[in-house]
Structure formats: C-alpha cells, structure tokens
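Have a look at the structure below, then the notes.
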Amino acid sequence: MKRAFDIFVSLVALVLLAPLLVLISLLIRLNMGAPVFYVQQRPGLHGRLFLIRKFRTMQTGEGDDGQRMTGLGRLLRRTSLDELPELFNVVMGDMSLVGPRPLLPQYLPLYSTQQARRHEVRPGITGWAQINGRNTISWNEKFELDVWYVDHRSFLLDVRILFSTIVKTVTVQGVSQEGRATVDYFTGNDSAPTREGDAP
C-alpha cells in the first residue's frame, strides 16, 4: 500500500508541478549556469547507494560575498523547492515520500547500531525528524526520531507527516539553524562538528 501510494502521489505531483519544475530549471540555468541538478550518491534501503537528484543551490565556485549559496539557492532551500526532483527517485523506487532523510555515504561507519536502523526502510523526501525540528535539532535527536519512525511507521502516520510537512514548508519552519545556511557534518557520536555544504 505504501509503495502504491508513493508512486501515485509522485506521478500526480510531477504532472501538476511540471510548469514549476521547468521554471525553476530555467531560473537555475540563467542564474548559476549548468548543471541544473545536483546529483550525489546517498545510502538507501539497507545502506545500498543510489543517485539522489535535487535542484542545484550552490555556485560551482565561491560567490562574490565569499559564500557559495546564491540568493536563488537560499530561496529554494528555504521553501524546500530544491527537493522536488526527488519525486523521480520515489517513482524509481530509491526513495519513499516519507522516511528518514538520505544522508551522506561517509556517515555509514559512524552510526551506532541503533542509529543504523534508520536504513531498515526506504529514505524519504520528508520524515518524522523533518516535522519535529529538521535542521534545528542535534544529529542524535534526528536519529532518535528516525528510529522511532522505523518502529512506529504506518499509513496514517505517513499521511500525518505529509500534511505537517506542507504546513511547515508554507510557514518556512526549521529549515536551518539560526545564522546558518547549511548544517554541520555528522562526524560521529563523540566528535566536534565541521561544516557541511550542499548536503541534506
């Protein structure tokens, strides 16, 4: 039921949002040049790697103000519109609409046994952690929420998460930590954070 729901909603969304997808692609091409999409390997179900697709929000080099993030990129991040191409990943079976966010491959050996359980389900465009703090909470809190979802997942919970995601996207809640455009790298449970670039 979950997989059928994922495919149906994603296909409908892609059809309805096609004009917006084309507009964003053109704006990125004019504002930042090629490529339009940001493609990177991410671990999916059981840690298997796949290629995630997002709209590009970073310049290839450093910007005039010393930042790689452009004004358009900040807008796409703030409104979560950069995530829309992940609907193609859902249709292809790499992702689900709802599940733990797919993070970076280099995090795999850093997880505790409990944290690694987040890979027992397909990663999602949105998830329990995204509606409960997203990038304003710590990595450990995110992982605890991810594992909670794995243990309590259901169709009704997915619907609740999707509805809450729409509300939080419209009201722009929890996108980033105060004063930061990106999140810190996860460097292990006992390590000090470093800065993360064009990542989750």
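The values are calculated or read from the model by the stated rules, or taken from the named source; none is laboratory data. Treat the numbers as computed from the prediction; the structure is a model and nothing was measured. Cβ sites come from the backbone with ideal geometry, for glycine too, and all protein chains shown count toward neighbours. In case anyone asks, the SASA skips ligands and DNA or RNA and just uses the protein heavy atoms, side chains included. Shrake-Rupley method; radii C 1.70, N 1.55, O 1.52, S 1.80 Å.
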Review point. What number of residues within the stretch 132-160 satisfy the criterion of being surrounded by fewer than 22 Cβ atoms within 10 Å (Cβ to Cβ) and within 22 Å of Arg77 (Cβ to Cβ)?
Key: 9
Revision key, fill the gap. Flagged pairs (Cβ under 6 angstrom, 6 or more apart or on separate chains; first in the stretch 163-179, at pLDDT 80 or above; second not in a helix (DSSP H, G or I)) are Thr165/Thr126; Thr169/Ser80
Point to revise | Residue that is farthest from Ile166 (Cα to Cα), among those in the stretch 1-30 that are of a type in the set (D, E, K, R) and open to solvent by 60 Å² or more (accessible area, probe 1.4 Å) | key: Arg29
Review point. Are any of the residues in the stretch 21-33 at pLDDT 95 or above, of a type outside the set (Ser, Thr, Tyr) and within 17 Å of Gly93 (Cβ to Cβ)?
Key: no
Review point. Would it be correct to say that Pro19 is in a loop (DSSP other than H, G, I, E, B) and without any contact (Cβ under 8 Å) to a residue 24 or more places away in the chain?
Key: no
Revision key, fill the gap. Gly63 fails exactly one of (1) open to solvent by less than 60 Å² (accessible area, probe 1.4 Å); (2) touching a helix residue (DSSP H, G or I) at 6+ places or on another chain (Cβ under 7 Å); (3) modelled with pLDDT under 95; (4) farther than 24 Å from Ser154 by Cβ, namely (2)
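Yes/no matrix, rows are residues, columns are (1) out of contact with any strand residue (DSSP E or B) (no Cβ under 9 Å at 6 or more places or on another chain); (2) at pLDDT below 95; (3) more than 25 Å from Leu104 (Cα to Cα):
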{"site": "Leu11", "(1), (2), (3)": "yes, no, yes"}
{"site": "Pro19", "(1), (2), (3)": "yes, no, yes"}
{"site": "Leu49", "(1), (2), (3)": "no, no, no"}
{"site": "Gln59", "(1), (2), (3)": "no, yes, no"}
{"site": "Leu75", "(1), (2), (3)": "yes, yes, no"}
Study note, to complete from the structure: Taking the stretch 122-131 and keeping only residues that are touching a residue at least 60 places away in the same chain (Cβ under 8 Å) and open to solvent by less than 20 Å² (accessible area, probe 1.4 Å), one is left with Pro123
Point to revise | Tally of residues being within 12 Å of Pro102 (Cβ to Cβ) and among the basic types (Lys, Arg) across the stretch 25-50 | key: 2
Review point. Looking at this structure, is Arg118 under 14 Å from the mean Cα position of the chain (by Cα), charged (D, E, K, R) and either modelled with pLDDT of 95 or more or on the phi > 0 side of the Ramachandran plot (or both)?
Key: no
